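Visitor: Questions regarding the structure given below will be posed in turn.
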Amino acid sequence: MLGSHIDTVIDAGIYDGCYGVLSALEVIQTLKEDGFAPSRPIVVAAFTNEEGVRYAPDMMGSLVYAGGLPTETALATVGADGTMLGGELGRIGYAGPHEPGFLSPHAYIELHIEQGPVLERESITIGAVENVQGISWQKVTVEGDANHAGTTPISMRRDAGYAAARIITFLRERAKNSNSPTVATVGCISFEPNAINVIPSRATLTVDLRDPDEERLRQAEAALAEFLDAISQEEHVEVSVERLARFEPVRFDQRIVAKIEKAAKDRGLTSRRMTSGAGHDAQMIARIAPAAMIFVPSVAGISHNPKERTNDEHLIAGANVLLDVVGELARR
């Protein structure tokens, strides 16, 4: 099985996910044109809702396929726009007849842009991805009191907005001062009543924590929980947390990673082993089959942005490495 996803984030580029699906189709076409007789079937997967922006969690399609989330639960998921996933899949003609997991892969390979700056910075063409960071998504809600912005003394405020700002600053400073690769991001925030002259009574924000080491990820989660308790007392606000997604770090199949390195070397391409900072369908399929990923450079490391770009020579190189690895795994 080879493939990726075709959904995107808001205001995204054109490569994230789609490159892996199109390249997989090209690999199969090339093998057929060459008269290649595989020892087992080769299939392309385009997994639903990898990004998780409209319906949480991310990587939902591959998670369901791997048995990590019941189909009924996924289909009943309500999106950020109030729609239900199952209904939307039916509306666009994507409610298929098969049960998730109906094919059991011998192996899974995913070709993807790096979405980061490492390969370009080091002038390396191919990344042999050996592991993926763990991910923790949480939604934090802070409850305070709305009051007049001009007449309420600072010392008497229960300011949910200020508490949210302190949470953001805490996460950034902790990650910045750490010697570990832990990263922390607040990607969404909203205030109520959201008026210029009213102290916010409620603040809702999302927290995205990532680390390739499970123990460090747990420490980051614990540090956040401890800070939320402290700020609740210091600012006299109520804080609640909803877990949106939690995935442990994944180590890919080292045999396939080695094949990726060899394929790159045989084609005269530079390569290096690396960690993926982003989540991918491959980490879900790794639950049920040996899996690995191939990365190609992203110009300036930009992704999740219309400026996302990978040079043609790198796109072609990645597809050729995918072709060689698939041929090796499926050869009689």
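The values are calculated or read from the model by the stated rules, or taken from the named source; none is laboratory data. Remember, it's a predicted structure, so these values are computed and weren't measured experimentally. Neighbour counts run over all protein chains shown; Cβ positions are idealised from the backbone, glycine included. These area figures cover heavy atoms from the full protein model, side chains too; ligands, DNA and RNA do not enter into them. Shrake-Rupley method; radii C 1.70, N 1.55, O 1.52, S 1.80 Å.
Visitor: Just to be sure, is Ile124 within 29 Å of Ser298 (Cβ to Cβ), surrounded by 22 or more Cβ atoms within 10 Å (Cβ to Cβ), touching a strand residue (DSSP E or B) at 6+ places or on another chain (Cβ under 7 Å) and of a type outside the set (D, E, K, R)? Reasoning before the result, please.
Guide: Values: within 29 Å of Ser298 (Cβ to Cβ): yes; surrounded by 22 or more Cβ atoms within 10 Å (Cβ to Cβ): no; touching a strand residue (DSSP E or B) at 6+ places or on another chain (Cβ under 7 Å): yes; of a type outside the set (D, E, K, R): yes.
Judged against the criteria, Ile124 is not a match.
Visitor: A follow-up question, please. Under 8 Å between Cβ atoms, which residue pairs at least 6 apart in sequence (or on different chains) link something in the range 184-199 that is within 20 Å of Ala80 (Cβ to Cβ) with a partner that is of a type outside the set (Asp, Glu) and open to solvent by 60 Å² or more (accessible area, probe 1.4 Å)?
Guide: Within 8 Å, the pairs are Val186/Ile168; Ile189/Ile168; Phe191/Arg202; Glu192/Arg202.
Visitor: Another question, if that's okay. Please enumerate the residues belonging to the range 262-300 that are among the polar types (S, T, N, Q) and either under 19 Å from the mean Cα position of the chain (by Cα) or within 22 Å of Leu217 (Cβ to Cβ) (or both). Steps first, please.
Guide: From the range 262-300, those among the polar types (S, T, N, Q) are 270-271, 275-276, 283, 298; that's our starting set.
Correct list: Thr275, Ser276, Gln283, Ser298.
Visitor: So, one more: Just for the range 80-101: of the residues that are at pLDDT below 95 and under 26 Å from Arg287 (Cβ atoms), which one is least open to solvent (accessible area, probe 1.4 Å)?
Guide: Among them, the one singled out is Gly101.
Visitor: A further question on this structure: Name the residue that is most open to solvent (accessible area, probe 1.4 Å), counting only residues in the range 157-200 that are over 26 Å from Arg54 (Cα atoms) and of a type in the set (Ser, Thr, Tyr).
Guide: In this case the residue turns out to be Tyr162.
Visitor: Enumerate the helices (runs of 4 or more DSSP H) found wholly within the range 1-116, keeping only those where 1 or more residues are without any contact (Cβ under 8 Å) to a residue 60 or more places away in the chain and within 27 Å of Val326 (Cβ to Cβ). Lay out the reasoning, then the answer.
Guide: Numbers: elements: 18-33, 60-65, 71-75, 85-91.
Correct list: 18-33, 60-65.
Visitor: Could you count how many residues in the range 220-232 are under 19 Å from Ile135 (Cβ atoms) and surrounded by fewer than 16 Cβ atoms within 10 Å (Cβ to Cβ)?
Guide: Total satisfying the criteria: 2.
Visitor: Just to be sure before I move on: is Ser104 polar (S, T, N, Q) and open to solvent by less than 20 Å² (accessible area, probe 1.4 Å) in the structure I sent?
Guide: Details: polar (S, T, N, Q): yes; open to solvent by less than 20 Å² (accessible area, probe 1.4 Å): no.
No: the conditions fail for Ser104.
Visitor: Determine whether the range 35-58 contains at least one residue that is closer than 15 Å to Gly279 by Cα, aromatic (Phe, Trp, Tyr) and surrounded by 18 or more Cβ atoms within 10 Å (Cβ to Cβ).
Guide: First pass over the range 35-58, keeping only residues closer than 15 Å to Gly279 by Cα: 47-53, 56-58.
Next cut, aromatic (Phe, Trp, Tyr) only: 47.
Applying the additional criterion that residues be surrounded by 18 or more Cβ atoms within 10 Å (Cβ to Cβ) yields 47.
Yes: one or more hits.
Visitor: Please specify each residue of the range 201-211 satisfying the condition of being farther than 30 Å from Ile154 by Cβ and surrounded by fewer than 20 Cβ atoms within 10 Å (Cβ to Cβ). Give the derivation first.
Guide: Start the filter on the range 201-211 by keeping residues that are farther than 30 Å from Ile154 by Cβ, which leaves 208-211.
Selection gives Asp208 alone.
Visitor: Only strands (runs of 3 or more DSSP E) wholly contained in the range 236-332 count here; list those with 1 or more residues that are modelled with pLDDT of 95 or more and surrounded by fewer than 19 Cβ atoms within 10 Å (Cβ to Cβ). Step through it out loud before you land on a result.
Guide: Numbers: elements: 238-247, 271-276, 291-296.
Per the criteria, 238-247, 271-276.
Visitor: Any residue in the range 255-275 that is under 12 Å from Ile294 (Cα atoms) sitting within a Cβ distance under 8 Å of a residue that is part of a strand (DSSP E or B) and of a type in the set (S, T, N, Q)? List the pairs, counting only those 6 or more apart or interchain.
Guide: Ile260/Ser271; Glu261/Ser271; Ala264/Ser271; Thr275/Asn131
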